[in-house]
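Trainee: Below you will find the structure I want to go over with you.
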């Protein structure tokens, strides 16, 4: 039995009071109001309502060690990224790796693997697989339904996947950037209950009116908080906070606690905490405690309600963070991967030029959405090649043109390339491009930068997406290569995160597939 004292923040009753909490066998046995002055505050832990753990470049065990220091007790996690590489084996890997990580990882069944038929993925998650996953108690929801054109067309396979989730009475996550009006209403009518892709307040309000929940996303690449923050005051019972994609250097500094701190400076504290701590539990039916008698003991102790500095984090009654530091022990972690190609040469590539490409991809800092621009409207020193190389089998390599990386010299490459995670590379000189790709292949995945004699890389041995090293070590390596890219002229705030979304065909407006330049609005190759 353990007894804890502090100012209890009762979110649902909207009151804060000094109390003594009794914990036994991982359950809160009693909460007694006391007549004492307490300096510290106790509240339910924070929950990331939608995140791809893989994007942190950390396996779940290492992600948990850092996230719990920021007061995160649970995540609603979509293993979509590793599923695109390793299929069902990848999903099972994430569940097994997370099993003894302290923090609660609630995984969904990836609904779109591959995301589209216009790219080459490493695996397929079939309707039968979805049915199998939905029957599992440790799969709590159907992950984001990105194929919204398929939903609108009532594609039989898509309908079967949605029906499988409904059969087991599990929530269905959405993904419909920019979808409005009757199309949005139809998409939502099939039981799709959330969207984390809204970038404009009116789009979010419209989807809320149709019955959707909106996730306010503030990640490493996509930052929508500023556009959507009025929803905190308007619909505190219908929104949630999420990171979606969080790079390791950003995770070092904060997680959902940073959004809470920012929000409480402007909005009602109880509304903000309802969004951060309670709404995900209600929506996804999570077995996480609210900080009530009889609840699972999932809560945090913070220094104050201004800095929200986390001192202790409890999950299932176990104190995993003491004095702001996680106590999870080091352990040896298994590695899985899927690479089917060897070194490439110039003969494998067909490089485009301004005379053969009608449109250029324009990357936008802080956004997953790109714009279409004409080649003649881009300064020549800001016009770069972009290629996506099939990592699963030997195939011809096509290229497009891209701008938005500034006057970058050299070539930057990554095997983190949503959603199929082939190798995406952007650069000026063919020699640098090929060398950057071969560095990734040599490492069986990761990030690389090459400019003449400068060669830098961050290996990611788990599926070409994650490392088994601690967050601190991965963050240092990431910061090193990130700085090298910026020192060589890239003006993006998160070059590798932005690069990773240049092959994401389900986000408008124009992207690059391993099969060619793709119009994400008309869903057709250019």
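Values quoted throughout were computed directly from the atomic coordinates according to the rules given, and no laboratory measurement underlies them. The model shown is predicted, which means the values in this text are computed figures rather than measured ones. Methodologically, a virtual Cβ is constructed for each residue, glycine included, from the backbone with ideal geometry; neighbour enumeration extends over all protein chains shown.
Trainee: Rank these for me by crowding, 239, 378, going from fewest to most other beta carbons within 10 Å.
Mentor: In increasing order of surrounding Cβ atoms, one gets 378, 239.
Trainee: Of all DSSP beta bridges located in segment 45-286, what percent are antiparallel, nearest 5?
Mentor: Antiparallel: roughly 5 percent of the beta bridges in segment 45-286.
Trainee: Next question, about the same structure. Can you give the % of DSSP beta bridges in segment 346-525 that are antiparallel, to the nearest 5?
Mentor: Antiparallel bridges: around 90 percent, rounded to the nearest 5.
Trainee: Take every Cα-Cα pair in the chain and report what % of them are more than 32 Å apart.
Mentor: Here the long-distance tail beyond 32 Å is 41 percent of all Cα pairs in the chain.
Trainee: Right, here's the next one. Once the piece of chain linking residue 395 and residue 380 is laid out straight, how much longer is it, given 0.36 nm per residue of separation minus the C-alpha distance between them?
Mentor: That works out to 2.5 nm of additional length.
Trainee: Ok, one more. Contour minus end-to-end for residue 266 and residue 1, with contour as 0.36 nm per residue of separation and end-to-end as the Cα-Cα distance?
Mentor: Extra length from residue 266 to residue 1 when fully extended: 91.5 nm.
Trainee: Cα gyration tensor of segment 300-448, axes a ≥ b ≥ c as square roots of the eigenvalues: rounded (a/c below 1.5), prolate (a/b > b/c) or oblate?
Mentor: Oblate is the answer for segment 300-448, as a/c is 1.5 or above yet b/c matches or exceeds a/b.
Trainee: What distance in nm separates the two pseudo spin-label positions at residue 372 and residue 523, each 7 Å out from Cα along the beta-carbon direction?
Mentor: 1.6
Trainee: A further question follows. What percentage of all Cα-Cα pairs in segment 91-207 are separated by more than 21 Å?
Mentor: More than 21 Å apart: 41 percent of the Cα pairs in segment 91-207.
Trainee: Percentage of Cα-Cα pair distances in segment 45-286 greater than 26 Å, rounded to whole percent?
Mentor: In whole percent, the long-distance tail amounts to 34.
Trainee: With an 8 Å Cα cut-off and a minimum separation of 6 or more residues, compute the relative contact order for segment 45-286 in percent.
Mentor: About 20 percent, as a whole number.
Trainee: At 7 Å along Cα-to-Cβ for each site, give me the label-to-label distance between residue 33 and residue 334 in nm.
Mentor: About 5.1 nm, to one decimal.
Trainee: Now a separate question. As a check on your grasp of the helix formula, calculate [θ] at 222 nm for the chain: sum -39500 (n - 2.57) over DSSP H runs of n ≥ 4, divide by the residue count, round to the nearest 500.
Mentor: The per-residue figure over the chain is -7000 deg cm²/dmol.
Trainee: For residue 351 paired with residue 154, estimate the spin-label separation in nm (one decimal), with each label point 7 Å from Cα along the Cα-to-Cβ line.
Mentor: 5.0
Trainee: What relative contact order, as a whole-number percentage, does the chain give when Cα pairs under 8 Å and 6 or more residues apart are counted?
Mentor: 16
Trainee: How compact and how long is segment 346-525, expressed as Rg and Dmax of its alpha-carbon atoms in Å?
Mentor: Computed over the Cα atoms of segment 346-525, radius of gyration and Dmax are 14.9, 47 Å.
Trainee: Something else: To the nearest Å, what is the center-to-center distance of segment 35-95 and segment 448-526, using C-alpha atoms only?
Mentor: 22
Trainee: Looking at the chain only, what percent of DSSP beta bridges run antiparallel? Nearest 5 please.
Mentor: 70
Trainee: Further question on the same structure: Can you put 485, 113, 322 in order of Cβ neighbours within 10 angstrom, beginning with the fewest?
Mentor: Going from least to most buried by this count: 322, 485, 113.
Trainee: Could I ask something else about it? Provide the descending list of Cα extents for segment 150-281 along its principal axes, expressed in whole angstroms.
Mentor: 46, 31, 26
Trainee: Still on this structure: May I ask for the equivalent-ellipsoid semi-axes of segment 34-105, computed as the square root of five times each C-alpha gyration tensor eigenvalue and listed largest first in whole Å?
Mentor: Over the Cα atoms of segment 34-105, the ellipsoid semi-axes are 31, 10, 10 Å.
Trainee: Using Cβ contacts closer than 10 Å as the measure, can you line up 86, 277 from fewest to most?
Mentor: 86, 277
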